[in-house]
Amino acid sequence: MPGRTLAHVLLDHVAADGDRLAFEYLHDDGRVDTLTYRELLDRATQVAQQLHSTGPALLLYPPGLDFVVAVYGCFLAGVPAVPTYPPLFGAADRIKQRFARVLADSQATTLLADPFVLSMLTSSGAPEGLPPVVTIDPDTPIDREWSRLPSPEDLALVQYTSGSTNQPKGVMLTHGNLMANMRAISDVFKLDTDTRAISWLPPYHDMGLIGFILTPVHGGFPVRLMSPIHFLKNPLEWLRQISEQRVTHTGAPNFGYDLCVRRAAGKDLSELDLSRWRLAFNGAEPIRMRTLKVFADRFAANGFRSEAFLPCYGLAEATLIVTGRHLDDDCVDADGRVDCGPVIDRHDLKIVDDGEVTDGEGEIWVRGPSISRGYLNDTGQPESELFGDIDGRRYLRTGDLGYLRDGHLFVTGRSKDVLIQNGVNHHAHDIEAAAVLDNPLLRPTAAAFTIDDEELVLAVELAKRTDVDLGELAVDVRAEVLSSTGARVDTVVLCLPGTIPRTTSGKIQRSLARTRYAAGELGGTVVAASSATAVATEPL
Ligand code: 1ZZ
């Protein structure tokens, strides 16, 4: 039906059966908050009634149902929602800085905030230009005739992505973009009202937000949310919830599956029943066949089936999903890369090299109704870097590299992270994966980059403070990278855990790591290739 948005879908659910469960939030201490569709509509209407300006509203909440209410409040009022990360957990200064940048860039006219998080943000002085604050007030009389609903062309969300350099860019998404992508997710994931979902993904960014705060209302199925910190502290709680709640659909980036396997080592988990888990997606970072295999083997006795795996690829600029398909026997290429499936319905994907469509490897370009019209402000990035032209049609340039085999996408890397050595191209993440994959002394966090196109530097995080010979460790790392990828690492930097920069959604920031390394600010011990002797710039 033309003209419909997620706000209209919510009203339909309430009209059909408002008492059905829409959302649950599992607190770290086991308490569970719930919202039916009617409760969600009532509380979101209370928020919408307080939004007098139609300018963008910044959302500042901890993970939980108030954040969900605030998002739907904006939708009901036709106000673009701008989710931000709360400065609650570690790295608070970095998150405050990011907030200030998002505030300035978005020119938000309202701040919808949780009072406690707001006090954390302003504890050392309020950022400049803070707009009027609105908090959720459960005593606001509800206007049941509320009808200021948006249309598909209206801006629904501004999704800030930090990219590799830490300068947040606001991806503009209309209600029409959201509806188109949620329709595609429903097709690929076979979602229906029998679906049971759970998510610990950060709710402020595309996968957690569109995947598990918007798509469940679109599909009319309930979802249980928990915080990313809860998962990181206790990954097996995710599996326990899948078992107890008879979850059919949930997923994680590759590292989430690795983490579960590591924490499961030596534990008796025979009580877990994972047999109802029909769809276990894996996306947002390079997918390792080995991870999928090890996870499937470890949990086969619990009823987990490897066919449940669904590798997928996507990005915030395309709303969320671009390709995806269930795992089968023929889904890995000679380099161990995983088949991420065909492009979603009603979209077109081309591989482009040097401005020409190619059958080989090149940049992934996408076109279709889910694609954003661009960033909120001109971020200095020329239009031609974000969009390209094929036969007079505008395609999103993803900046990712890949190739198509029988119409299925294999992602090979990012164009900005191709490192050229002696005329041979190496993908940064292949070098990083080779370094950390089988080395128990290292965490699975590494950044490979070049300095002046000459020196190939590989920064890796140590698993813990250790008294191993760092020189020898660096020699082992170089040897492993050389034998797996053919790349010769000039300098290995052995870093303390947590010092390699990542985006708020967990992606390695290679260009920021390079800047910090060049400025002598990447904490660690530098081991030059020519000698096996550690040259300590900063003792570990
Ligand atoms: P973001 C109901 N990347 O990561 C739940 N996939 O967006 C639906 N690199 O803008 C869930 N291999 O943060 C559907 N397979 O980063 C989930 O991430 C569909 O470099 C997957 O440019 C959505 C992922 C969304 C996401 C985008 C960047 C990309 C690319 C990298 C994403 C990848 C992958 C390798 C993959």
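Annotations for the structure displayed:
- Taking 0.36 nm per residue of separation and subtracting the current Cα-Cα distance, fully stretching the chain between residue 334 and residue 140 would add 63.8 nm.
- Charge dipole (debye, nearest 20) of the stretch 262-420; +1 at Cβ of Lys and Arg, -1 at Cβ of Asp and Glu: 800
- Adding -39500 (n - 2.57) for every DSSP H run of four residues or longer, then dividing by how many residues the chain holds, sets the calculated 222 nm ellipticity at -9000 deg cm²/dmol.
- The residues neighbouring residue 401, those whose beta-carbon lies less than 12 Å from its own, together hold a net charge of -2 under the Lys/Arg +1, Asp/Glu -1 convention.
- Candidate lysines - alpha carbon under 20 Å from residue 416, same-chain residues fewer than 8 apart omitted: 169, 350, 507
- Exposure proxy order (Cβ contacts within 10 Å, fewest to most) of 451, 136: 451, 136
- Each Lys and Arg Cβ is given +1 and each Asp and Glu Cβ -1; about its Cα centre, the stretch 55-140 then shows a dipole of about 320 debye.
- Burial ordering of 351, 364, fewest other beta-carbon atoms within 10 Å first: 351, 364
- Principal axis dimensions, largest first and in whole angstrom, of the stretch 6-233 by Cα: 47, 40, 33
- 3J(HN,Hα) couplings calculated from phi for the stretch 67-72 with the Karplus curve 6.51 cos²θ - 1.76 cosθ + 1.60 (θ = phi - 60°) are, in sequence order, 4, 4, 4, 5, 4, 5 Hz; Gly and Pro show x.
- Angle between the chain longest axis and helix 92-106 axis [Cα atoms, degrees, rounded to 10]: 60
- The modelled label-to-label distance for the pair residue 289/residue 452, using points 7 Å beyond Cα in the direction of Cβ, is 4.0 nm.
- Which of 38, 346 has the fewest Cβ neighbours within 10 Å, and the rest in rising order: 346, 38
- Extension gain (nm, one decimal) between residue 420 and residue 147, 0.36 nm per residue minus Cα-Cα: 92.6 nm
- Taking a quarter of the surface of the Cα convex hull of the stretch 220-351 gives a mean projected area of 9.4 nm².
- Full-extension gain in nm, residue 361 to residue 267, via 0.36 nm per residue minus C-alpha separation: 29.5 nm
- Cβ-placed point charges (K, R +1; D, E -1), dipole of the chain about Cα centre in debye, nearest 20: 860
- Inter-site label distance for residue 194 and residue 469 at 7 Å from Cα along Cβ, in nm: 6.1
- Rounded tilt (10° steps) of 470-485 against the dominant C-alpha axis of the chain: 80
- Convex hull volume of the C-alpha atoms in the stretch 282-419, normalised per residue: 134 Å³.
- Annotation for residue 21 and residue 229: the two label points, set 7 Å from Cα along the Cα-Cβ direction, are 2.5 nm apart.
- Computed as a quarter of the hull surface, the mean projected area of the alpha carbon convex hull for the chain stands at 25.4 nm².
- FRET efficiency, 1/(1 + (r/R0)^6) with R0 22 Å, evaluated for residue 97 and residue 519 via beta carbons: 0.85
- Net charge, residue 353 excluded, C-beta distance under 9 Å - Lys, Arg +1, Asp, Glu -1: -4
Coordinate-derived values only; no laboratory data. What you see is a predicted model, and the numbers here were worked out from it, not measured in a lab. Because the Cβ atoms are built from the backbone with ideal geometry, glycine has one as well, and the counts that use them run over all protein chains shown.
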